[in-house]
Amino acid sequence: YTLTLPNDTGTSGQLLTTNGSGVTSWSTVSASPSYSATASGAIANGDPIIVQANGTVKKPAQTITTSLVAATDGQEFKSSVFGPAAAYDPVNKKGLIIYNDEGDSQTLKGKTVTIDNSLQAASQITYGAEFTISTNAKAPLYGTNAAVYCDTAKLILVVYLGDDNDVECRTIDMSTSTPTVGSEVQINGNGGEIAAVYDSNADRVVVGYLYSNRKARVVNVTAGSNPSVGSEATVDSASQNVSGSGNSWNILVYDSSAQKVVNLYHKVNSFQTIKRGTAKVGTVDTSDDSISFGSATDFHSSEANPKSAIYHPTAGKVIVTYHEIGDVDMYYAVGTVSGTGINFASSVQLFADQDSSDVHELTYDSNTDLILHTYERYSGSSANRILYARTASISGNTITFDSNEAQIYTNNKNFDHSSSYFDSDQNRVLVVARNSTNSNTGEGWSIRTGTRTSDLTAENYIGIADGAYADGATATVQIVGSVDDAQSSLTPGQSYFVQFDGSLALTPDDTSVFAGTAVSATKLIVK
């Protein structure tokens, strides 16, 4: 007969053995169930482990395959629009497009967007019914509208130019069948070249605009109340408001690793003697909803206008595409935030002989870790404009563009005022742009950059590695009922799921595999 009596910690116990004649013995045993097998590849302590068909064990691995899929032509969402902007609500799993209706006194309107990736690319997009956001709006002469999703409030903040050239904002609640529009709140009494970004660490939206010079304010978006606006900060006093200074030449991105906001803009002083592409790093102070900026760094030494910018979280880099006015060429530059500054590697030319109104849209696909580059370039002569898409990846400060360039519009048309987002539910990028030579029609494209596969299945996960093991070594795996103590940064009481790449996360991957429940920052009960 045997009897196991656990100790106070539950990690081991005493095993009592008797032969039925009063002879007993005690031995210490582990109360943590485990399984031993040959390791296939190197395994680190705390890795989730799967068992293969041949009985060996390993950490799950994923494979990313680049496979660009896009419709030849976009799906129209509205004729005669200006300044379309788009944002995605991951909770309600739908997007929002906002735009000025040129056929209705520039009234700011919106439509919801859903994507169904089971359909053909040409018919994946469904637009909701049009609704009015603000009648106190005008088509911005310079710059675009802005739309950003706020994680904590679970609302989209839209920023736009009012009738009196004032910078205004409203919240959009996407949880109802018809989106609920909040009250109008003024950000500034005058402005242009609007840009906005959500700082997830501070849980604030930073809004940039041009009014006499570069300015910014912090907006606090809270569910159940109107947004509140912090004090005005000067981004760059040497960048003046010069008539005709640019279109969409003010961009804000958020560096989630450094927890900083980066403002990229076209710098022109009142005498037009300073003309260059410039960036500054901003730090949000939530105690008073203020923002301060570090020193300026040029990403291009001569006159340049940023067209699009993203932050690539895996590489930890800010990427900007821009237009060089003098030679009408397109370039990209890669920047690294350090403290309150940013350093840029040498710029690289993309295309020659471009037009300032051309679309050059960058979008980060978190599913494949790829960059989608949507752009318009000349084909043969300046009269022939073609809209294309292609994918790219980044290593260090080098971007490698794939050779999968796809024409996404049949005819030669001039597109401008583009915006985009990544739909994390359908793993598609939505790109919207205005077809300015076709009645200013607003059009959208659903684009797939690639696919992910993994050797993780719904059945082959067995537990967590109890140590580090080399390829071919005998590995011990803590199985159901054991407590792994080799994790970090876990939240007690939360469920964790195995991801395609063998990491742990709070949400399931495409295949849902429950890893266990955290009981401390370092311990996980294997389930």
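The values are calculated or read from the model by the stated rules, or taken from the named source; none is laboratory data. Just so it is clear, the structure is predicted and the values come from calculations on it, not from any experiment. For neighbour counting, all protein chains shown are included, and Cβ atoms are generated from backbone atoms with ideal geometry for every residue, glycine included. Surface areas here come from the heavy atoms of the whole protein model, side chains and all, with no ligands, DNA or RNA. Shrake-Rupley method; radii C 1.70, N 1.55, O 1.52, S 1.80 Å.
List the strands (runs of 3 or more DSSP E) that sit entirely inside the range 157-234 and contain at least 1 residues that are polar (S, T, N, Q) and closer than 29 Å to Lys267 by Cβ.
By residue number, 185-188, 213-220.
Restricting attention to the range 306-324, does a residue exist that is open to solvent by less than 50 Å² (accessible area, probe 1.4 Å), part of a loop (DSSP other than H, G, I, E, B) and at pLDDT below 95?
no
When you check Gly46 against the structure, is it assigned to a loop (DSSP other than H, G, I, E, B), surrounded by 18 or more Cβ atoms within 10 Å (Cβ to Cβ) and modelled with pLDDT of 95 or more, yes or no?
yes
If Cys169 satisfies all but one of (1) of a type outside the set (Val, Ile, Thr); (2) under 27 Å from Gly95 (Cβ atoms); (3) open to solvent by 10 Å² or more (accessible area, probe 1.4 Å), what's the number of the condition it fails?
With (1) of a type outside the set (Val, Ile, Thr); (2) under 27 Å from Gly95 (Cβ atoms); (3) open to solvent by 10 Å² or more (accessible area, probe 1.4 Å) applied to Cys169, the lone miss is (3).
Taking only pairs six or more apart or across chains, which ones have beta-carbon atoms under 7 Å, a first residue in the range 488-512 that is without any contact (Cβ under 8 Å) to a residue 60 or more places away in the chain, and a second residue that is surrounded by 11 or more Cβ atoms within 10 Å (Cβ to Cβ) and among the acidic types (Asp, Glu)?
That search, which allows pairs on different chains as well, returns Phe497/Asp509.
Sort out which residues of the range 79-105 are open to solvent by 30 Å² or more (accessible area, probe 1.4 Å) and either at pLDDT 95 or above or under 22 Å from Phe497 (Cα atoms) (or both), and write them in order of number.
Once the filter is applied, which keeps residues that are open to solvent by 30 Å² or more (accessible area, probe 1.4 Å) and either at pLDDT 95 or above or under 22 Å from Phe497 (Cα atoms) (or both), the range 79-105 yields Pro90, Val91, Asn92, Lys93, Lys94.
For the range 480-496, which positions are surrounded by 17 or more Cβ atoms within 10 Å (Cβ to Cβ) and within 12 Å of Gly46 (Cα to Cα)?
Matches in the range 480-496: Val483, Asp484, Asp485, Ala486, Gln487.
Does at least one position in the range 6-15 carry a residue that is open to solvent by less than 30 Å² (accessible area, probe 1.4 Å), assigned to a loop (DSSP other than H, G, I, E, B) and either modelled with pLDDT under 95 or among the aliphatic types (A, V, I, L, M) (or both)?
No, the conditions are met nowhere in the range 6-15.
Within 30 Å of Glu324 (Cβ to Cβ) and either of a type in the set (A, V, I, L, M, F, W, C) or open to solvent by less than 30 Å² (accessible area, probe 1.4 Å) (or both) - does that describe any residue in the range 216-232?
yes
Take the range 114-131 and flag every residue that is surrounded by fewer than 20 Cβ atoms within 10 Å (Cβ to Cβ) and assigned to a strand (DSSP E or B).
Answer for the range 114-131, where residues must be surrounded by fewer than 20 Cβ atoms within 10 Å (Cβ to Cβ) and assigned to a strand (DSSP E or B): Thr114, Thr126, Tyr127, Phe131.
Among the numbered conditions (1) small (Gly, Ala, Ser); (2) within 30 Å of Thr368 (Cβ to Cβ); (3) open to solvent by less than 30 Å² (accessible area, probe 1.4 Å), tell me where Ser503 comes up short.
(3)
Here is a yes/no grid of residues against (1) among the acidic types (Asp, Glu); (2) under 14 Å from Ile125 (Cβ atoms):
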| residue | (1), (2) |
| --- | --- |
| Ser418 | no, no |
| Glu443 | yes, yes |
| Glu459 | yes, no |
| Asp484 | yes, no |
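Among the residues of the range 79-113, which ones are under 16 Å from Val159 (Cα atoms), part of a strand (DSSP E or B) and polar (S, T, N, Q)?
Asn100, Thr107
Would you mind finding the one in Gln272, Gln259 that is modelled with pLDDT of 95 or more and open to solvent by 50 Å² or more (accessible area, probe 1.4 Å)?
Gln259
List, please: which pairs have Cβ atoms under 6 Å, are six or more places apart or on different chains, and start with a residue in the range 341-368 that is open to solvent by less than 30 Å² (accessible area, probe 1.4 Å) and basic (Lys, Arg) and end with one that is modelled with pLDDT under 95 and not in a strand (DSSP E or B)?
Here the result reads none, with nothing in the range 341-368 linked to a residue that is modelled with pLDDT under 95 and not in a strand (DSSP E or B).
Hey, can you tell me all the residues within the range 421-441 that are small (Gly, Ala, Ser), surrounded by fewer than 24 Cβ atoms within 10 Å (Cβ to Cβ) and modelled with pLDDT of 90 or more?
Scanning the range 421-441 gives a single hit, Ser424.
Would you point out which residue out of Ser418, Ser446, Ser381 is modelled with pLDDT under 95, buried (at least 23 other Cβ atoms within 10 Å of the Cβ) and of a type outside the set (Phe, Trp, Tyr)?
Exactly one of Ser418, Ser446, Ser381 is modelled with pLDDT under 95, buried (at least 23 other Cβ atoms within 10 Å of the Cβ) and of a type outside the set (Phe, Trp, Tyr), namely Ser418.
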